Amino acid sequence: MFDDLKDKNILVVGASRGIGWQLAITLGSLGAKVHVAARNVEALNLLQKQFDCSVYQCDIDKDEDVQSLAASINELDGVCIVSGVVKLIPPKMLSKKMIDAQVITNLASPLNIVGALLRKNKLNDGASIVFTSAAGRLCQPPCTAAYAGAKLGLHGAARSLAIDLSPKKIRVNTVSFDYVETDMIKAVQTTTVDIIGVAPVEYSSIPYLFMLSKMSRWISGQMLAADAGRMLGKVRYV
Amino acid sequence: MSKNPLFELVGKKTLITGATGGFGGELVKSFLHLGQIVTATGRNLSKLESSQSLGAKTVDLDLTDSTAIKDFSKNCDAFDHVILAHGIKGPRPMRMINPEFTLNVIQTNLLSTLDLVSNLLRARKINSPGRIIFISSVSAHFGANNNTAYAASKAGGEAAMVGLARDLLHKGITVNNIAPAAIETPLFEGGKSEILEEKNYPLGIGKTNDITDAATFLCLEGSKYITGETIILDGGCTWLF
């Protein structure tokens with residue numbers, strides 16, 4: 001399964017922890033040439049000790065970091081943008097500063113990365129771009145107006161990019177999760193009552209692998225939710 | 001490199017309905033290729049022979065026949081993956097359809113699905129963890145000209161799929177749906193086929209392996225947390241609508 005990813009150049013942005021960290025390791029186990037980027041270069045160096053990957057220090061909110069990443073990286077067959085921040089903000093607390101913090105990191109910076117890579121011709125024909133959204137269906141937890149707005153904005157962006165980049169057969173899709181067992185979730189988690197439980201982080205790699213591989217050759221502009229059916233309404237957020 | 005258990009299919013036994021059709025036949029081939037024990041059902045026994053010669057167990061089963069479904073469910077193996085690839089097309093202008101025509105389309109595409117799944121569940125023939133995969137059509141989302149009854153039957157299937165996903169959540173049986181646009185199958189060969197013109201598909205013409213790959217993905221252990229989802233498989237054609 002996913003054997004076609006062997007020797008493919010794939011960039012994972014946000015690989016210093018959580019879903020991105022695990023994705024880099026899983027891609028490495030498939031024999032892909034993995035490029036990892038994040039702010040926290042110490043964490044990336046730890047990752048490099050586990051398997052052979054190329055490390056780029058990059059604060060995606062800083063344009064100069066993004067431009068130098070795009071300038072120095074190999075030509076890519078896949079890009080997974082996993083980076084993101086989450087803060088629960090009650091509606092009365094929504095302020096310009098709080099909103100910007102969510103929208104810049106979760107929406108503006110991923111698009112800036114794609115633009116920079118395209119300008120430097122770093123995306124091969126047939127490449128696959130995968131964004132990370134949140135909670136695929138219509139239901140969002142409370143107090144996530146800024147976060148959900150930014151994350152679902154990525155899906156809209158992916159649909160447009162899918163059309164724009166289709167002449168080069170570059171595909172652009174979004175995957176989304178509900179709670180995955182990472183330190184980020186541990187930090188914000190409200191009490192949930194559910195049946196399936198929080199997904200172990202290993203499972204979060206699989207939707208990315210599908211969207212990167214030729215198995216999804218005919219899929220672009222779509223969102224795939226791996227949310228354990230939570231958005232079917234089987235969970236109450238308390 | 002050690003094998004990743006998440007890349008393995010959930011189980012060993014697969015049921016594929018509509019195995020005489022374009023998608024069904026290819027699904028049988030690819031699941032046999034993956035080492036599955038495949039049961040293939042269809043209405044045309046002679047057309048099932050190719051599946052049989054490849055190693056599938058074939059069953060002559062008319063899914064519009066409730067008694068036959070009951071018998072089948074009583075006597076069949078328990079399955080890990082159930083792929084519902086049966087169905088008929090129903091192109092006809094709205095002014096030409098009548099209740100008989102509509103009922104036939106809805107019965108073959110929707111009622112049969114519900115009847116089969118219900119009987120399999122009652123007879124405890126779908127294992128936990130397990131996978132159920134519906135195959136609908138982009139017409140369930142975007143409509144299709146002169147295809148109202150067909151689109152309605154497929155949209156009904158999608159609603160049923162989400163309901164079933166909720167019902168089976170606690171059992172670890174995921175229920176998902178693949179909604180393809182027109183894909184190159186023997187059905188389209190030789191026929192009028194402006195529907196399969198390259199220019200209508202930004203990502204090229206769809207092949208049957210696009211369906212089988214999506215179905216395989218949904219059957220992986222790693223897809224455990226995907227349920228109630230529809231994968232729209234359209235090569236970009238629906239952007240052009």
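When you look at the Cβ of every residue in B:6-15, what mean number of other chain Cβ atoms sits within 10 Å?
Shielding by partners across B:6-15 averages 2.
Between segment A:26-46 and segment B:1-53, how far is it from one alpha carbon centroid to the other, in angstrom?
With segment A:26-46 and segment B:1-53 each reduced to a Cα centre, they are spaced 37 Å.
Sorted by mean Cβ packing within 10 Å, highest first, what order do the peptides B:41-48, A:202-209, B:77-84 take?
A:202-209, B:77-84, B:41-48
Could you tell me which of rounded, prolate or oblate describes chain A, using a ≥ b ≥ c as the square roots of the eigenvalues of the alpha-carbon gyration tensor, with rounded for a/c under 1.5 and, failing that, prolate when a/b is larger than b/c and oblate otherwise?
In terms of gyration-tensor shape, rounded.
Aspartates and glutamates near A:Lys8 by alpha-carbon distance under 12 Å, same-chain residues fewer than 8 away left out - which ones?
A:Glu75, A:Asp77
Just report the Cα centroid separation between segment B:124-143 and segment A:107-180, whole Å.
Rounded to whole Å, the Cα centres lie 26 Å apart.
Putting +1 on Lys and Arg Cβ atoms and -1 on Asp and Glu Cβ atoms, find which of A:Ala101, A:Ala146, A:Ile163 reaches farthest to the positive end of the dipole of segment A:30-173.
The residue sitting most towards the positive pole is A:Ala146.
Quick check: from the Cα gyration tensor, does segment B:5-240 come out rounded (a/c under 1.5), prolate or oblate?
It is rounded, given that a/c, with a ≥ b ≥ c, falls under 1.5.
From other protein chains only, count the Cβ atoms within 10 Å of every residue's Cβ in B:209-217, then give the mean.
4
Under 8 Å for C-alpha pairs, at least 6 residues apart: give me the relative contact order for chain B, rounded to a whole percent.
Numbers: 455 pairs, mean separation 51.1, N = 241.
Value for chain B: 21 percent.
Rank A:Met215, A:Asn74, A:Gly84 by how far each Cα sits towards the positive end of the charge dipole of the protein assembly as shown (+1 on Lys, Arg Cβ; -1 on Asp, Glu Cβ) and give me just the farthest.
A:Gly84
Counting only residues 5 or more places away or on other chains, whose amide H sits under 5 Å from the amide H of B:Ile126 once H atoms are built in the peptide plane?
Placed amide hydrogens put B:Phe79 under 5 Å from B:Ile126.
Considering only Cα-Cα distances, which of the following residue pairs are longer than 31 Å: A:Lys97/A:Lys214; A:Lys120/B:Lys3; A:Lys33/A:Lys62?
From A:Lys97/A:Lys214; A:Lys120/B:Lys3; A:Lys33/A:Lys62, over 31 Å: A:Lys97/A:Lys214; A:Lys120/B:Lys3.
Partner chain Cβ atoms within 10 Å, averaged over the residues of B:159-172 - can you pull that number for me?
For this peptide, the per-residue mean of nearby foreign Cβ atoms is 2.
Can you tell me the order of B:28-40, B:129-141 when each peptide is scored by its average per-residue count of other Cβ atoms within 10 angstrom, highest first?
B:129-141, B:28-40
At 222 nm, what helix-only mean residue ellipticity would the protein assembly as shown give, in deg cm²/dmol to the nearest 500, using -39500 (n - 2.57) for each DSSP H run of four or more? Could the numbers behind the result be given before it?
Working: 16 runs with 174 residues, N = 479.
About -11000 deg cm²/dmol.
Only Cα pairs under 8 Å and at least 6 apart count here; give the relative contact order of chain A as a rounded whole percent. List each step's numbers first, then the result.
Details: 470 pairs, mean separation 49.2, N = 238.
Value for chain A: 21 percent.
Count the net charge of all other residues whose Cβ sits under 13 Å from the Cβ of A:Asp65, scoring Lys and Arg as +1 and Asp and Glu as -1.
Here the charged neighbours net out to -2.
Any chance you could get the radius of gyration and Dmax over the Cα atoms of the protein assembly as shown, in Å?
Answer for the protein assembly as shown, Rg first and Dmax second: 22.8, 70 Å.
I need the peptides B:63-72, A:144-153, B:14-23 ranked by packing, meaning the mean over residues of other C-beta atoms within 10 angstrom, with the highest value on top.
B:14-23, A:144-153, B:63-72
Over the Cα atoms of segment A:15-133, how large are the radius of gyration and the largest Cα-Cα distance (Dmax), in Å?
Computed over the Cα atoms of segment A:15-133, radius of gyration and Dmax are 15.0, 49 Å.
Laboratory data are not the source of any read-out in this text; all were calculated from the coordinates shown. No experiment lies behind these values; they were computed from the predicted model shown. Backbone-built Cβ (ideal geometry, glycine too); neighbour counts: all protein chains shown.
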